[in-house]
Amino acid sequence: MNEIKQAINDCENLKDLEQFRLSLFGKKGLFAKEFVKMKSLPNEKKRDFAQKLNADKEFFLNLLNDKKMILESIAIEEEMRDESVDVTLFNSTPTSGALHPVMATMDKIIEYFLSMNFSIQEGPLVEDDFHNFEALNLPKYHPARDMQDTFYFKDSMLLRTHTSPVQIRTMLESEPPIRIISPGAVFRRDYDLTHTPMFHQIEGLVVDKDGVVSFANLKYILEDFLKYMFGDVKVRFRPSFFPFTEPSAEVDISCIFCKGEGCRVCSQTGWLEILGSGVVDPNVFKAVGYEGVSGYAFGLGIERVAMLLHKIPDLRSLFEGDLRLLEQFR
Ligand code: PHE
């Protein structure tokens, strides 16, 4: 008994162990021989003999199994040591990374507004109904709250559908004058050539004592910005509607592909829509407790600008992480 125990313990690898197992339990192994012996015993002794033999058998099988598990984990460790990757190995074709085109475009936009004395404010991606809708003069049954557009959580929490809630947070936390931009991710239930469920916007907000900030200031800065971004383009302000601005305007540039003659990208109109903007609605100031002030706000989608600048036909390709696309921006 003890000899067998010792022998199992002394096995140094799985091969030795398997060999020893066969010498015990193989067809010509020790136990097979013992069972043959049993046949020549008188009947009244057979039972006890068989019982003892089976108990021994189970005992050694367990011992073999335990030893096997130990040897296996040692074998795995050795294998991992031998096959480890040498991370210091020299790669003969070093490549540099690069900013994702969306981030590069965002940086370029931010750079402009920093040069115009705006500062950067950020806000949470998970918002509540008040900051994303209510305080922005979006009434309870406004279509923008539709389940089609908004990702809702429980307890009227949601993924912000635009960067405009940062306007509200900034005004609630500070006093005018305010001159901020707010870049970041926004979320809408949309998915096609020109929409993805997550995309990025930059919001702008300027507020000062009544009479200091006007639509004319808005017009000047957006025209200047669009020429900085797209070069020599025509800019037009088109009357529009946003619940949080009044008056509101969407801002177009002459199509950078056909120079305004009409093509597929601009749907033959000669114009590309880039921004939403307007003079801050009095109801918004009421919601944050501001009095005697005026201001303007604007918002734009960063992916749309990146797509136009780099002639990317499918917005979704920006989020697939395909190196064949990304390497073009190194
Ligand atoms: N929040 C608007 C949108 O997501 C954009 C906007 C911002 C319009 C500020 C006007 C003023 O479409």
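When we screen P94, P143 for residues that are open to solvent by 80 Å² or more (accessible area, probe 1.4 Å), over 21 Å from P177 (Cα atoms), within 14 Å of the ligand (Cβ to nearest atom) and out of contact with any helix residue (DSSP H, G or I) (no Cβ under 6 Å at 6 or more places or on another chain), the only hit is P143. Restricting E291, E320, E273 to residues that are within 29 Å of V233 (Cα to Cα), open to solvent by 10 Å² or more (accessible area, probe 1.4 Å) and either in the same structural domain as I221 (by TED's automatic domain parsing) or charged (D, E, K, R) (or both) narrows the list to E273. When the criteria are applied in full, E223 meets the requirement of being in a helix (DSSP H, G or I), at pLDDT 95 or above and of a type outside the set (F, W, Y). Scanning segment 128-140 for residues that are in a helix (DSSP H, G or I) and open to solvent by 40 Å² or more (accessible area, probe 1.4 Å) turns up F130, E134. Number of residues in segment 107-127 that are touching a Leu at 6+ places or on another chain (Cβ under 9 Å) and in a helix (DSSP H, G or I) equals 3.
This table checks each residue for (1) open to solvent by 60 Å² or more (accessible area, probe 1.4 Å); (2) outside the structural domain of L325 (by TED's automatic domain parsing).
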{"site": "L14", "(1), (2)": "yes, yes"}
{"site": "L22", "(1), (2)": "yes, yes"}
{"site": "K28", "(1), (2)": "yes, yes"}
{"site": "N62", "(1), (2)": "yes, yes"}
{"site": "D107", "(1), (2)": "yes, no"}
{"site": "F113", "(1), (2)": "no, no"}
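Listed by first and then second residue, the pairs linking a residue in segment 65-88 that is of a type in the set (G, A, S) to a residue that is surrounded by 10 or more Cβ atoms within 10 Å (Cβ to Cβ), with Cβ atoms under 9 Å apart and 6 or more places separating them unless they lie on different chains, are A75/N13; A75/L14. Residues in segment 172-179: is at least one buried (at least 17 other Cβ atoms within 10 Å of the Cβ), more than 15 Å from the ligand (Cβ to nearest atom) and closer than 27 Å to L125 by Cα? Among the residues of segment 172-179, at least one is buried (at least 17 other Cβ atoms within 10 Å of the Cβ), more than 15 Å from the ligand (Cβ to nearest atom) and closer than 27 Å to L125 by Cα, which makes the answer yes. If you scan segment 181-205, which residues turn out to be farther than 16 Å from V305 by Cα and open to solvent by 10 Å² or more (accessible area, probe 1.4 Å)? Matches in segment 181-205: F187, R188, R189, D190, Y191, D192, P197. Answer yes or no as to whether S164 is surrounded by 20 or more Cβ atoms within 10 Å (Cβ to Cβ) and either assigned by TED's automatic domain parsing to the domain that holds T245 or β-branched (V, I, T) (or both). Against the criterion (surrounded by 20 or more Cβ atoms within 10 Å (Cβ to Cβ) and either assigned by TED's automatic domain parsing to the domain that holds T245 or β-branched (V, I, T) (or both)), S164 qualifies. For segment 206-233, a residue qualifies if it is open to solvent by 50 Å² or more (accessible area, probe 1.4 Å) and either touching a helix residue (DSSP H, G or I) at 6+ places or on another chain (Cβ under 7 Å) or more than 19 Å from S277 (Cα to Cα) (or both), and the qualifying residues are K209, Y228, D232.
Please verify whether C255 is away from the ligand (no atom under 16 Å from the Cβ), surrounded by fewer than 18 Cβ atoms within 10 Å (Cβ to Cβ) and within 24 Å of K227 (Cα to Cα), treating the condition exactly as stated. So C255 fails the test. Being out of contact with any Pro (no Cβ under 7 Å at 6 or more places or on another chain), open to solvent by less than 60 Å² (accessible area, probe 1.4 Å) and within 16 Å of the ligand (Cβ to nearest atom) is the requirement here; does L125 meet it? Taking the combined requirement at face value, the residue does not satisfy it. Look at segment 258-278: where a residue is acidic (D, E) and a partner is more than 16 Å from the ligand (Cβ to nearest atom), sitting 6+ places away or on another chain with Cβ atoms under 7 Å, you get E261/G270. Mind listing just one residue for me: the one in segment 141-162 that is of a type in the set (S, T, Y) and in a loop (DSSP other than H, G, I, E, B) and, of those, nearest to A185 (Cα to Cα)? Among those residues, the one meeting the criterion is T161.
The values are calculated or read from the model by the stated rules, or taken from the named source; none is laboratory data. Remember, predicted model here, so these are calculated numbers, not experimental data. Positions of Cβ are backbone-derived with ideal geometry, glycine not excepted, and every protein chain shown enters the neighbour counts. Side chains included, ligands, DNA and RNA excluded: accessible areas come from the protein's heavy atoms. Shrake-Rupley method; radii C 1.70, N 1.55, O 1.52, S 1.80 Å.
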